[in-house]
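A quick write-up on the structure given underneath.
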Amino acid sequence: MDCKITKKEAEDLLAASPYIFELEEGRYQTRAGAFTNKLFSVVLSEEECANKCFLPGHRCVPFVDQEVMSYSLLFIWNNSVLPTKIVEYSKEFALDHFSLYGEEYESQYIANDPGMDGFELADNDFELPMKVKLTSVDLEPLFERYKIEPGDRLLFTVENWDEGIINVSPCLREKSKILELTDDDIKRNQWYKVIEKALKELFKTRGPRSSIEEQLADVFFEYSDELCTRFCGSVEEFLKKTKAVSMELFGVETRLWNAGETVPAMGEWNYDNEEEYGFKHNLVYSVPDFVLDEFIKDHAFQKKNNLEELLNEVFPACFFMPPEHRQDLLLHIINRNDIILSNYNWFADHQLGDIRHKALLLYTKINGLIYEIDRIGGKFNSYPQQELVILIQLYMHLSKLMETIAFDPNSLTGETETISVSLDGMEFNFEDIEGALRNAVAVCKKNDFTVI
């Protein structure tokens with residue numbers, strides 16, 4: 001981007017990127033470099049064979065760009081791009097084939113498919129119909145060449161990660177040994193043992209990560225020599241076979257985890273034994289500049305002009321702020337307000353104004369509780385774990401929404417009703433956990449008193 005940054009800033013940027021793996025001795029590798037030409041596979045179902053097609057869904061996770069919708073991936077066989085077609089499936093079949101995106105997102109992925117054009121998830125109480133139409137890869141050319149049957153396998157390799165181009169080759173089971181255990185079966189059973197062991201090690205050392213996709217990316221990257229082979233199984237097959245790993249709730253999301261266990265907020269991956277109780281009296285609260293700008297726009301949308309009042313809305317009394325810092329911040333708000341108002345149009349802002357206001361009210365509440373927890377300085381394992389997880393997840397989801405409102409508001413056009421319903425759900429979740437967390441804050445405060 002033609003700008004200079006420090007080595008520390010570069011390292012922080014690389015460490016935070018979901019597209020980069022950190023190696024040893026200060027070296028890094030991109031997702032594209034890690035997964036290009038690596039083998040992975042799927043087994044065709046009866047529904048797919050009946051329709052001579054393949055539903056991409058989650059089946060290319062984690063080998064492709066997580067930001068690319070699966071229906072837009074290109075599959076190549078015999079140097080030709082396989083065409084797509086819209087195929088009808090049962091709701092259960094569709095949900096099963098989008099579950100690695102997380103139970104909380106699978107319906108949204110399905111509803112966003114071009115085959116579902118005209119269907120609005122929010123208008124249907126976020127329920128999918130019993131039958132759904134999804135973009136599928138047409139395998140007619142392969143069915144003409146090979147005698148493909150349910151249970152046969154497709155092998156994939158990513159040819160171009162940036163463009164989402166994937167090579168396809170059939171891997172057919174010997175029909176004469178349909179009821180026998182073949183050498184390939186034995187090697188594939190070993191594959192299932194490897195991925196199970198790898199996942200359980202990941203759970204212990206790295207925890208739940210940011211998503212199921214990131215969990216799988218770590219496993220396939222670190223164990224690629226054993227997992228990305230011609231005899232590879234698929235994640236969806238593994239989850240049907242294993243009794244040790246399953247989808248488990250993690251706050252308002254889902255993760256792969258030890259079957260039957262609650263996914264904890266704290267563990268070996270983030271627990272600091274040196275952390276001690278103690279008030280951080282001078283912990284200064286701040287908000288990112290882009291969020292501050294949205295507060296200023298909201299103030300204008302509410303037709304208010306008292307910037308002292310705005311400062312109190314952004315930084316309620318519970319937040320510590322030195323007087324000199326408060327004065328500097330007020331001057332900064334005055335300057336930003338002048339710049340923003342010079343281009344602000346109340347009528348043009350009307351569509352997003354109510355959503356922004358609603359989001360900022362919740363943002364302040366959630367930030368206030370996070371600030372209180374940080375300020376107390378107690379050990380995080382003394383807090384109710386699932387409530388703590390949900391609080392952080394709400395903060396992350398809300399921060400992402402605020403970032404979209406600030407930098408890509410046009411993408412929210414026509415989505416305001418859905419976002420409003422989502423914010424209502426977040427508000428409900430926050431109210432559900434707030435009491436337990438505030439009680440834990442009170443206990444930590446009590447523990448900080450010393451009898452002299």
Unique match (being over 18 Å from THR84 (Cα atoms), open to solvent by less than 60 Å² (accessible area, probe 1.4 Å), modelled with pLDDT of 90 or more and out of contact with any Pro (no Cβ under 7 Å at 6 or more places or on another chain)) among SER136, SER169, SER99:
SER99
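Could you list all residues from the range 221-256 that are part of a helix (DSSP H, G or I), among the acidic types (Asp, Glu) and in contact (Cβ under 8 Å) with a residue 40 or more places away in the chain? Break it down into steps so the answer makes sense when it comes.
Here is the first cut: in the range 221-256, the ones part of a helix (DSSP H, G or I) are 221-222, 224-227, 235-241.
Next, only the ones that are among the acidic types (Asp, Glu) stay: 222, 225-226, 236-237.
Residues satisfying the conditions are GLU236, GLU237.
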Would you confirm whether or not the range 47-63 contains a residue that is aliphatic (A, V, I, L, M), out of contact with any helix residue (DSSP H, G or I) (no Cβ under 6 Å at 6 or more places or on another chain) and open to solvent by 60 Å² or more (accessible area, probe 1.4 Å)?
yes
Name every residue in the range 336-354 that is in contact with an Asp or Glu (Cβ under 9 Å, 6 or more places away or on another chain) and open to solvent by less than 60 Å² (accessible area, probe 1.4 Å), in order of residue number.
ILE340, GLY353
Among the residues of the range 387-412, which ones are touching a helix residue (DSSP H, G or I) at 6+ places or on another chain (Cβ under 9 Å), polar (S, T, N, Q) and open to solvent by 50 Å² or more (accessible area, probe 1.4 Å)?
SER411
Taking first residues from the range 314-329 that are open to solvent by 30 Å² or more (accessible area, probe 1.4 Å) and second residues anywhere that are not in a loop (DSSP other than H, G, I, E, B), the pairs with Cβ under 6 Å that are 6 or more apart or on different chains are CYS318/GLY368
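From GLU22, GLU9, which residue is open to solvent by 80 Å² or more (accessible area, probe 1.4 Å) and touching a helix residue (DSSP H, G or I) at 6+ places or on another chain (Cβ under 9 Å)? Outline the logic, then answer.
Numbers: GLU9 fails: touching a helix residue (DSSP H, G or I) at 6+ places or on another chain (Cβ under 9 Å).
Only one candidate passes the filter, namely GLU22.
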When GLY207 is evaluated against the numbered criteria (1) outside any strand (DSSP E or B); (2) touching a residue at least 24 places away in the same chain (Cβ under 8 Å); (3) on the phi < 0 side of the Ramachandran plot; (4) surrounded by 13 or more Cβ atoms within 10 Å (Cβ to Cβ), which criterion, by number, is the only one it fails?
(3)
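Would you list the helices (runs of 4 or more DSSP H) that sit entirely within the range 347-452 and hold 2 or more residues that are closer than 22 Å to GLU253 by Cα and of a type in the set (D, E, K, R)? So that I can check it myself, show each step before the final result.
Working: elements: 350-376, 385-407, 416-447.
The qualifying helices (runs of 4 or more DSSP H) are 385-407, 416-447.
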If you check GLU9 against the conditions, is it out of contact with any strand residue (DSSP E or B) (no Cβ under 7 Å at 6 or more places or on another chain), outside any helix (DSSP H, G or I) and more than 14 Å from ILE166 (Cα to Cα)?
no
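The values are calculated or read from the model by the stated rules, or taken from the named source; none is laboratory data. The structure displayed is predicted, hence computed values, not measured ones. Positions of Cβ are generated from backbone atoms using ideal geometry, with glycine treated the same way; all protein chains shown enter the neighbour counts. Side chains included, ligands, DNA and RNA excluded: accessible areas come from the protein's heavy atoms. Shrake-Rupley method; radii C 1.70, N 1.55, O 1.52, S 1.80 Å.
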